[in-house]
Amino acid sequence: MGFMGFLLLHLFHMALLISPASGIGVNWGTQATHPLSPSTVVQMLKDNGFQKVKLFDADATTLKALGKSGIQVMVGIPNDMLLTLANSVPAAEDWVAQNVSSHVSSNAVDIRYVAVGNEPFLATYNGSYVGLTLPALENVQSALIKAGLASQVKVTVPLNADVYRSSSNLPSGGDFRSDIHDLMLQIVKFLNDNGAPFTVNIYPFISLYDDANFPIDFAFFDGSSSAINDGGRVYQNVFDANHDTLVWALQKNGYGNLPIIVGEIGWPSDGDKNANPKYAQQFNQGFMSRVMAGKGTPMRSSPVDAYLFSLIDEDAKSIQPGNFERHWGLYYVDGQPKYKLVITSSNGLVPAKDVHYLAKKWCVMSPTASLDDPQVGPSVSYACSHADCTSLGYGTSCGNLDPRGNISYAFNNYYQISNQLDSACMFPNNLSTVTGDDPSVGDCKFKIMIQSLTVADLGIASSLRLNVIVFVSLLVFTIS
């Protein structure tokens with residue numbers, strides 16, 4: 001055996017020693033009222049064996065914490081920056097210099113991808129980014145080339161799975177959406193020419209959420225009575241069918257070998273009748289078991305390159321798509337795991353370390369307050385509009401509370417998000433009171449907020465304090 005043969009054999013054996021799950025990634029979103037510190041989150045990533053992380057921006061503090069961590073990073077460019085980057089090469093060069101080059105050189109951050117925009121072709125955007133996405137991609141790519149980073153850092157654009165359709169309801173009928181078909185081919189050609197992957201977000205939960213008649217077992221990975229046969233390829237779950245619809249769309253248009261990254265995949269744990277820890281655990285473990293077994297899809301047998309969505313709940317996210325939006329995390333906002341999930345050879349998720357909580361006290365509806373008090377409605381509305389009441393409602397973790405329990409939950413959530421300010425539990429007509437007895441009932445947990453002492457969080461606290469003062473003053477004026 002010659003040297004090259006020995007080298008190839010050695011590399012083959014080394015590849016066998018690498019766990020298929022070692023490349024699993026996770027999304028790290030930061031739309032939270034009390035985010036964990038970046039250093040705490042990076043330690044969570046390392047403790048749990050995540051080797052890749054996908055960000056939605058390029059926050060300097062976050063990237064500094066990821067320096068020398070050994071974790072591969074995808075940084076993000078928000079949609080609201082696409083206009084500037086699409087129309088200005090210097091702006092793209094400045095962005096790359098500040099958010100990529102500086103961190104690669106000074107902080108030793110292993111940046112592998114720049115995500116230009118996020119699902120820019122969603123129908124809800126009314127075409128706002130249709131003419132901006134490709135020029136922004138091209139300008140960022142030019143900036144990476146000028147910075148000497150184009151071989152290390154690739155550009156991509158995370159797209160929603162709605163950019164492709166099937167004319168036959170089978171994967172083999174897949175092609176790109178007619179209204180953006182030509183644009184998609186230009187983007188795909190650009191990605192192919194630059195050695196970049198196609199990034200797609202696939203959410204089986206949304207299939208179930210949008211269609212009450214969707215067969216629920218087809219959303220998971222345990223086998224389904226609703227399996228479909230597409231020319232001899234059998235699909236037991238909607239993820240495989242969705243993924244391979246994209247593969248067919250690429251293949252039909254001459255790009256059948258373009259790499260695919262699943263930028264987001266997961267299942268929420270609250271906020272909807274089908275969003276609960278049991279289903280979330282079933283889905284995420286089913287997906288992870290496939291990854292660890294090195295299993296792909298009927299059209300692509302190699303393991304799926306994916307980022308779980310997401311690492312931690314975000315209690316400040318928009319709930320326009322649904323109340324479940326704040327509950328995608330594998331972890332609650334305090335860094336505690338929601339359920340057992342094996343993602344490497346470990347026995348489950350490792351919690352965040354050195355997390356400190358506020359005092360063990362809760363704001364609840366006063367036992368002497370009346371449900372008929374005219375200020376109950378406005379008070380609850382105010383609390384929920386400034387806090388997070390998405391665990392209240394039909395089929396949610398707190399959906400079985402009685403009226404007083406619902407009111408107490410709203411009051412307490414506002415109180416905790418307000419850092420337990422005394423004024424945050426002073427609703428009019430003595431509706432509320434602070435208690436040291438945990439009012440949690442069954443699966444409905446009345447949380448205690450974590451301590452957060454950053455400048456940003458102090459700003460939130462100041463804003464909340466002002467909101468409370470204004471709210472109470474207005475109510476006093478109203479009833480006087």
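How big is the shadow of the Cα convex hull of segment 361-433, averaged over all directions, in nm²?
Details: hull surface 18.2 nm².
It is 4.6 nm².
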Whole-Hz Karplus couplings 3J(HN,Hα) for segment 104-110, θ = phi - 60° and coefficients 6.51, -1.76, 1.60, Gly and Pro as x, run 5, 7, 8, 10, 6, 7, 8
The answer for residue 316, listing residues at least 5 apart or on another chain whose modeled amide H is closer than 5 Å to its amide H, is 32, 33
Between the Cα axis of helix 376-386 and the main Cα principal axis of the chain, the angle (0 to 90°, nearest 10) is 30
Residue-ordered couplings for segment 404-413, obtained by feeding phi - 60° into the Karplus form 6.51 cos²θ - 1.76 cosθ + 1.60 and rounding to whole Hz (Gly and Pro as x), are 5, x, 4, 5, 4, 4, 4, 4, 5, 4
At the level of C-alpha centres, the distance separating segment 142-163 and segment 359-405, in angstrom, is 46
Helix 455-479 sits off the longest principal axis of the Cα atoms of the chain, rounded to the nearest 10 on a 0 to 90 degree scale, by 40
Once the in-chain neighbours fewer than 8 apart are removed, the aspartates and glutamates whose Cα is under 18 Å from residue 317 read 57, 59, 80, 119, 264, 270, 272, 325, 334, 388, 457
As straight-line cross-link partners of residue 68, the qualifying aspartates and glutamates (C-alpha separation under 14 Å, not fewer than 8 residues apart within one chain) are 110
Interchain or sequence-distant (5+) residues whose placed amide H lies within less than 5 Å of the amide H of residue 441 are 446
Check: C-alpha center segment 216-254 vs C-alpha center segment 66-86, spacing in Å is 31
Sorted by chain and then number, the residues having a modelled amide H within less than 5 Å of the amide H of residue 164, at least 5 places away or on another chain, are 177
With all protein chains present, segment 16-96 has a carbon and sulfur share of its accessible area (1.4 Å probe) in percent of 54
Projected onto their principal axes, the Cα atoms of segment 54-157 stretch, largest extent first, over whole-Å spans of 41, 26, 20
At 20 °C in a medium of viscosity 1.002 mPa s, segment 305-419 has a Stokes-Einstein diffusion coefficient, with Rh taken as the Kirkwood radius over alpha carbon pairs, in µm² per second, of 132
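Please calculate how many Å² of accessible area segment 267-360 carries per residue, with a 1.4 Å probe and no DNA, RNA or ligand atoms counted. Walk me through the numbers on the way to the answer.
Details: 3820 Å² over 94 residues.
Result: 41 Å² per residue.
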Expressed as a whole-number percentage, the relative contact order of the chain with C-alpha contacts under 8 angstrom and at least six residues apart is 14
Scalar couplings 3J(HN,Hα) for segment 86-94 by Karplus 6.51 cos²θ - 1.76 cosθ + 1.60 (θ = phi - 60°), nearest whole Hz, x for Gly and Pro, are 6, 9, 8, 5, x, 5, 5, 5, 5
Between the Cα axis of helix 277-292 and the main Cα principal axis of the chain, the angle (0 to 90°, nearest 10) is 20
Beyond 19 Å (Cα-Cα) in this structure, taken from 278/338; 252/295; 278/360; 52/447, we find 252/295; 278/360; 52/447
Quick calc of log₁₀ I(q)/I(0), the chain, Debye, one scatterer on every Cα, no solvent, q values 0.08, 0.09, 0.12 1/Å, result -0.54, -0.68, -1.15
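The values are calculated or read from the model by the stated rules, or taken from the named source; none is laboratory data. In this text the structure is predicted, and so the values were computed from the model without any measurement. The protein model used for the area step is the full one, side chains on, heavy atoms only, and it has no ligands, DNA or RNA in it. Shrake-Rupley method; radii C 1.70, N 1.55, O 1.52, S 1.80 Å.
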